[in-house]
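Working notes, beginning with the structure itself.
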Amino acid sequence: MSTPTVTVAESVVPADAFAGRDVTVRSSAVLDLNAVRVRLMSNMEDFPGFSYFADFAEADAAADYEIVCVDLDRDDYDVSLLAAAADRTFRSKRFRTGFYLVHFFGDPAYLITRGNRFHVFGRRLEKTVWPYFVKHILTMHAADHGFVHLKAAGFAQGDGTGTLLLGRQGGGKTVFLAQACAGGASFLANTHTLVKDGVAHGVHSAMRVRSDDCFRDIIERRNLTPHIESGDYVASPYELFEGRTVKQATIRNIVIADFDPRRPQGLEPVADQAATAFLDQFSSAVTMYGLKDDLYTHCGNDLDRYTRTYEHMRAQATSLVGGARCFRANVDMLDESVRDTVLSTLAAA
């Protein structure tokens, strides 16, 4: 675990050439996303966007990408200049209408990219950092380095091998993960993993938890931070799991969490073909987050490069499934006897 230190001090990011004036940065931090580092900067002293991360590098550490968030209520800019300089991409056009990614929206914002630095001008820009930029950066980093970016939780057991958790919204992934860790497993990831050759590299981000039987007590005892979306809260995995974490694991199991107490309970095998199809629709970041246009732009609008990149991602996903045992889990992980039986099955050679 790294100390979540945000530097509150003024510095300057050059922007006069396209924004009419430079950006005064008043807070910054280097986010450690395991496989990639991102320097997040804001013109606000108390930018809320930092609260959604769990791992930080040293303030002077090199970063692969930079995000500069400029709140237009804090500093005034000529929006006509920003509009003229904004990227001419699908995503930039969506930003200017106030739609950032899937169901995340807010005030119109201006996205201006210069190399690996993203400048975004608008209001309440924490709504763009985790909902869009992190997903975009992880997916493009995966494309450039031979990974596939999955929306998947994960944990490792005694011998260090791991289990990835996939599932529909409300299928019980977070509860499954939390209870597996309560049963002795080590936290790998709660939302994002980058996978290559069967090895999953987890992103240790802050977790979204709900005030339910699994998390209500810890929310009240630790006064957790409310998430962007009403009804959810934010906690570091180090708070929740007492430091039992791993950065990567060779994947032994893929579990589709599909809890529904009205249906027969159990942990049942799933055929590779079915698991691959489910992963493509419910776990592939390009599909789940609607990033195909972003990936196409990243590939220079080159059809051949895009299809090669996407096919490599699919091949990595297919190989992952082929090398793992796949299950569908309709199990009540809040029942300790059920939890222990499930974990024993997943740990078996």
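List of remarks:
- Lys, Arg +1 and Asp, Glu -1 on Cβ, resulting dipole of region 265-349 about Cα centre, debye, nearest 20: 220 debye
- About the centre of its Cα atoms, region 1-113 shows a dipole size close to 600 debye [charges on the beta carbon of Lys, Arg (+1) and Asp, Glu (-1) only; nearest 20 debye].
- For Ser284, the residues 5 or more places off, or on other chains, whose built amide H falls under 5 Å of its own are Lys151.
- Sequentially through region 167-184, phi angles give Karplus couplings (6.51, -1.76, 1.60; θ = phi - 60°) of x, 6, 4, x, x, x, 4, 5, 5, 4, 4, 4, 6, 4, 5, 5, x, x Hz, Gly and Pro residues having no value and appearing as x.
- Bridge type composition, the chain - antiparallel percent by DSSP, nearest 5: 70 percent
- Placing a label point 7 Å from the Cα of Thr5 along the Cα-to-Cβ direction, the residues of region 17-34 with a backbone N closer than 15 Å are 28-32.
- Charge dipole of region 139-269 (Cα centre as origin; +1 on each Lys and Arg Cβ, -1 on each Asp and Glu Cβ, all else neutral): 80 debye, rounded to the nearest 20.
- Alpha-carbon Rg with Dmax, taken over region 184-325, Å: 17.9, 54
- Distances between every pair of Cα atoms in region 91-156, grouped in 10 Å steps from 0 to the bin holding the largest one, split as 19, 47, 26, 7, 0 percent.
- Amide hydrogen proximity for Thr193: with H placed 1.01 Å from N in the peptide plane, the residues at 5 or more positions away or on another chain lying under 5 Å are Leu150, Ala152.
- Cα gyration tensor, region 272-319 - rounded (a/c under 1.5), prolate or oblate: oblate
- Extension gain for the segment Val199 to Asp332, taken as residue separation times 0.36 nm less the Cα-Cα distance, is 45.1 nm to one decimal.
- The ellipsoid equivalent to the alpha-carbon distribution of region 109-210 has semi-axes of 29, 18, 10 angstrom, derived from the gyration tensor eigenvalues as √(5λ) and listed largest first.
- Ranking of His298, His312 by solvent-accessible surface, largest first: His312, His298 (1.4 Å probe, protein heavy atoms only, all chains present).
- Amide H to amide H, with H built 1.01 Å from N, Asp232 comes under 5 Å of His227, counting only residues 5 or more places away or on other chains.
- Note on the chain: Lys pairs 8 or more places apart or on different chains, Cα atoms under 24 Å apart, count 20.
- Ranked packing of 80-90, 249-259, most packed first, by mean Cβ within 10 Å: 249-259, 80-90
- Farthest toward the positive end of the dipole of the chain, out of Ser27, Ala182, Tyr310, is the Cα of Tyr310, where the dipole comes from beta carbon charges about the Cα centre.
- Projecting the Cα positions of His204, Leu194, Gly160 onto the charge dipole of the chain (unit charges on Cβ atoms of Lys, Arg, Asp and Glu, taken about the Cα centre) puts Leu194 furthest along the positive direction.
- Label positions at Asp16 and His145, each projected 7 Å from the Cα along the C-beta direction, are separated by 3.6 nm.
- In order along region 286-298, the phi-based Karplus estimate (6.51 cos²θ - 1.76 cosθ + 1.60, θ = phi - 60°) of 3J(HN,Hα) comes to 4, 6, 4, 9, x, 9, 5, 5, 5, 5, 4, 4, 4 Hz; Gly and Pro are listed as x.
- With θ taken as phi - 60° and the Karplus curve 6.51 cos²θ - 1.76 cosθ + 1.60 applied, the whole-hertz 3J(HN,Hα) list for region 235-243 is 9, 6, x, 5, 5, 6, 10, 6, x Hz, x standing for glycine and proline.
The values are calculated or read from the model by the stated rules, or taken from the named source; none is laboratory data. Computed from a predicted model, the values in this text were never measured in an experiment. Using ideal geometry, Cβ is built from the backbone for each residue, glycine included, and neighbour counts are taken over all protein chains shown. Quick note on the areas: whole protein, heavy atoms, side chains included, nothing else; ligands and nucleic acids left out. Shrake-Rupley method; radii C 1.70, N 1.55, O 1.52, S 1.80 Å.
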